[in-house]
Each structure stands twice: as C-alpha cells, then as structure tokens.
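Participant: Quick one: the structure is below, and I'll ask about it shortly.
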Amino acid sequence: MTTLRPPANQHVTSVRKPDDFDAFWADLLAQAAALPLDPEMTPVPLRSNDQVETFEIHYTSLDGLRIAGWYCRPRESALAPPYPALIIVPGYVSEPTLPKQWAKAGYSAVGVAPRGKLRSNSRFNPGYPGLLVENIIDKETYGYHGFYIDAARAVDFVLSRPEIDHSRIGVQGGSQGGALTLTTAALRNDAITCGAAGAPYLTGYMDAASFTHSYPYEEMNEIIRLHPDWEPAMRATLDYYDCLNFAPNIRCPMLISIGLGDDVCPPETAFDLLQSLTCPVESNAYPRCAHDAGGFWEGKNISNFLAKHLQPTPVPTR
C-alpha cells in the first residue's frame with residue numbers, strides 16, 4: 001500500500017465544469033425537497049435477529065418515484081440509541097446492499113436502491129448494462145439524473161429517524177458506490193460527516209472510456225462507435241455528472257482507495273479526483289490490485305476511518 005498524491009503533470013483531465021453546474025443541481029435538490037418524503041418502514045423478521053432489526057424501506061424522490069432500500073439498526077434491547085448513521089450506496093448491479101454487519105458494528109445503516117435497482121424499478125429500468133448510456137446526450141433526462149438525487153434523498157430518510165444522531169452521518173461505497181459516495185457528500189454537504197469511496201466510478205467519464213475497453217465504460221465506447229457524431233453532446237452532458245466537478249463541494253473528511261491495476265475505473269481518473277478534492281483526504285493506492293482497490297487490506301482501513309469519525313458502539317455479543 002502507498003499513500004500518495006500524484007505529480008500534477010501525471011494526467012490532465014479533459015473534464016470541464018459548466019458555469020451553471022451548481023445551479024443545475026441546486027434546482028434538482030429543491031425539486032426533490034418540495035415533495036413529501038413519506039418514509040415507510042416494513043419489518044423483515046426473517047432478516048432480523050437478536051442483535052439487529054431489518055426493515056424494507058421506501059421514500060419519495062425526484063419525479064415522485066418511490067425509492068426502496070434496506071434499513072438495519074441495532075435492537076434497543078442489545079444497544080440503546082442514539083446510533084450514528086451509515087448510508088451504503090451500491091455498485092453497478094441490480095441489488096442494493098443489506099447492511100446487517102454494519103448494524104452489528106453499531107450503525108443505523110441504510111442500503112440504498114436508487115431508481116432502476118430491484119424494488120425501485122417500476123417506472124425506470126434501463127438495466128445493467130444500460131444505465132450508463134441511458135439518454136446520454138441529454139443532461140435533463142440522462143440516466144443518472146434522478147439516480148444521484150435518490151442517493152442524496154436517503155439523507156432525508158436518515159434525518160427522519162429519531163434513533164439516529166443527526167450529527168454523525170457517513171456514506172460509503174465502492175465503484176458506482178464510490179461515485180455515489182462522492183456525489184452524496186457534495187450534494188448533502190450540510191449533513192454528511194465523512195465518506196469512504198473505493199475505486200470511484202463516474203470520475204473523468206470520457207477519459208476513462210478512452211483508457212479502457214472493460215465494462216461498464218465500454219458501453220460508452222460502443223455508443224461512440226455507432227454514433228461518432230454524438231461525442232460532443234455526450235461530453236457536454238457528462239460534465240454535469242462527473243465526480244470531478246462534484247469534488248470541490250465536498251467539505252467532510254474522505255477516504256479514497258485506488259487499485260493501480262484497475263482496468264474498470266482507471267487509476268488516472270482517481271488521481272484526478274485527488275487533485276480536485278479540497279476537503280481533508282486520506283488516500284491509499286494498491287500496486288497489483290485491480291477493481292477491488294486493495295479490498296483485502298482496505299476493508300479494515302474503511303472500518304477504522306468510519307469509526308474514527310462516527311464513533312459507533314458495537315452491539316455486544318452474547
């Protein structure tokens with residue numbers, strides 16, 4: 001493992017920040033905030049035990065879509081509240097995380113299922129592959145348009161829960177979850193205490209697609225091969241969604257992990273991210289590691305980083 005920032009001349013990103021970037025996202029957040037959250041929690045006894053209660057949850061997000069997820073919290077009989085919250089954001093797969101292990105560690109943990117994920121896909125379901133290039137030449141209807149807001153809206157679900165300490169809210173994920181960790185920390189910098197992003201996807205999109213032929217970025221290369229005249233419009237759209245443009249709005253401490261052999265999310269773009277962040281940053285780069293971003297070692301670092309900032313009390317074992 002190495003902890004480093006790359007030389008400034010190692011790679012120069014082609015991403016540009018639109019003049020109305022912040023206004024664009026402020027408007028979408030305002031649209032979502034104008035809708036009643038209408039949170040629901042349904043107990044799931046078969047996924048619960050003596051230490052952890054599990055619920056299927058729903059809440060309302062942008063365009064009135066009902067967003068699903070899992071919510072796991074310590075049983076009060078095992079550990080009294082308040083608890084810190086941890087929002088677990090998903091990778092580029094259809095099923096969200098069931099965060100029971102995080103609840104055992106003392107967190108009230110939400111596994112978010114943004115639109116298109118299972119149980120959140122009744123009105124929007126581009127599939128996997130598919131999401132990355134859904135309406136990619138239109139910033140107003142691009143696939144991640146509501147997706148980013150759905151993850152940010154999970155913060156409002158957390159803030160609706162009385163058993164949670166609202167001053168201790170973290171967000172964590174890898175790959176697409178790494179991207180959502182960054183966008184959520186930026187969009188909800190009023191509430192997020194810390195974030196841990198591994199192998200961050202959706203960072204330097206156009207550069208990443210030029211560096212790799214691995215999926216999901218190969219979906220973009222396929223579109224450009226079919227429609228080469230779309231490339232300028234794709235670039236103009238993606239500048240509104242690129243994590244490099246969200247990075248300066250993050251205020252909380254962040255942990256970034258990178259696999260130096262990652263052919264899915266090229267490390268050049270992760271190093272661009274480190275240059276873009278202005279918040280306190282810890283970064284670990286792992287030689288000979290690919291898209292796992294050093295997961296064998298980094299898992300403990302993530303747990304320790306989150307615990308340092310969120311101060312959970314593990315559920316006692318019996």
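The values are calculated or read from the model by the stated rules, or taken from the named source; none is laboratory data. Source: prediction; values computed, not measured. Glycine gets a Cβ as well: all are built from the backbone with ideal geometry, and neighbour counts include every protein chain shown.
Participant: Need pairs with beta-carbon distance below 6 Å; first residue farther than 19 Å from W102 by Cβ and in contact (Cβ under 8 Å) with a residue 24 or more places away in the chain and within segment 33-53, second crowded, with 16+ Cβ neighbours inside 10 Å and aromatic (F, W, Y); sequence gap 6+ or separate chains.
Facilitator: L37/Y59; P39/Y59; P39/F157
Participant: Same structure again: When you go through T54, T42 one by one, which is the residue that is over 30 Å from G130 (Cα atoms) and surrounded by 13 or more Cβ atoms within 10 Å (Cβ to Cβ)?
Facilitator: Unique residue meeting the criteria: T54.
Participant: Also, I was wondering about something else. Does K117 satisfy the criteria of being in a loop (DSSP other than H, G, I, E, B), buried (at least 20 other Cβ atoms within 10 Å of the Cβ) and of a type outside the set (S, T, Y)?
Facilitator: Yes; evaluated as a whole, the condition is true for this residue.
Participant: Return the pair list, or none, for Cβ contacts closer than 6 Å from residues in segment 290-318 that are within 18 Å of I88 (Cβ to Cβ) and outside any helix (DSSP H, G or I) to residues that are of a type in the set (S, T, Y) and modelled with pLDDT of 95 or more, at least 6 apart or on different chains.
Facilitator: The qualifying pairs are A293/S257; P312/Y107.
Participant: While we're here: Could you look through segment 71-101, keep only residues that are hydrophobic (A, V, I, L, M, F, W, C) and within 19 Å of P162 (Cβ to Cβ), and pick out the one that is surrounded by the fewest Cβ atoms within 10 Å (Cβ to Cβ)?
Facilitator: Checking each candidate, the answer is A80.
Participant: Just one of (1) farther than 24 Å from P81 by Cβ; (2) under 20 Å from the mean Cα position of the chain (by Cα); (3) crowded, with 16+ Cβ neighbours inside 10 Å trips up I137, so point out which.
Facilitator: That leaves (2) as the condition not met.
Participant: Related question: Across segment 195-222, what is the number of residues that are touching an Asp or Glu at 6+ places or on another chain (Cβ under 7 Å), part of a loop (DSSP other than H, G, I, E, B) and within 17 Å of E298 (Cβ to Cβ)?
Facilitator: 1
Participant: Checking A154 against (1) within 15 Å of the chain's Cα centre (by Cα); (2) not in a helix (DSSP H, G or I): exactly one of these is not met. Which one?
Facilitator: So A154 meets the others, but not (2).
Participant: Are any residues in segment 159-194 in contact with a helix residue (DSSP H, G or I) (Cβ under 8 Å, 6 or more places away or on another chain), assigned to a strand (DSSP E or B) and of a type in the set (D, E, K, R), and if so, which ones?
Facilitator: R168
Participant: All but one of (1) of a type outside the set (A, V, I, L, M, F, W, C); (2) closer than 29 Å to A34 by Cβ; (3) part of a helix (DSSP H, G or I) hold for N135; state the number of the condition that does not hold.
Facilitator: (3)
Participant: Right, F211: closer than 16 Å to G173 by Cα and free of Cβ contacts under 8 Å to residues at least 60 places away in the same chain or not?
Facilitator: In short, no.
Participant: On the basis of being within 18 Å of G177 (Cα to Cα) and either surrounded by fewer than 22 Cβ atoms within 10 Å (Cβ to Cβ) or in contact with a helix residue (DSSP H, G or I) (Cβ under 6 Å, 6 or more places away or on another chain) (or both), does G261 make the cut?
Facilitator: Criteria not met by G261.
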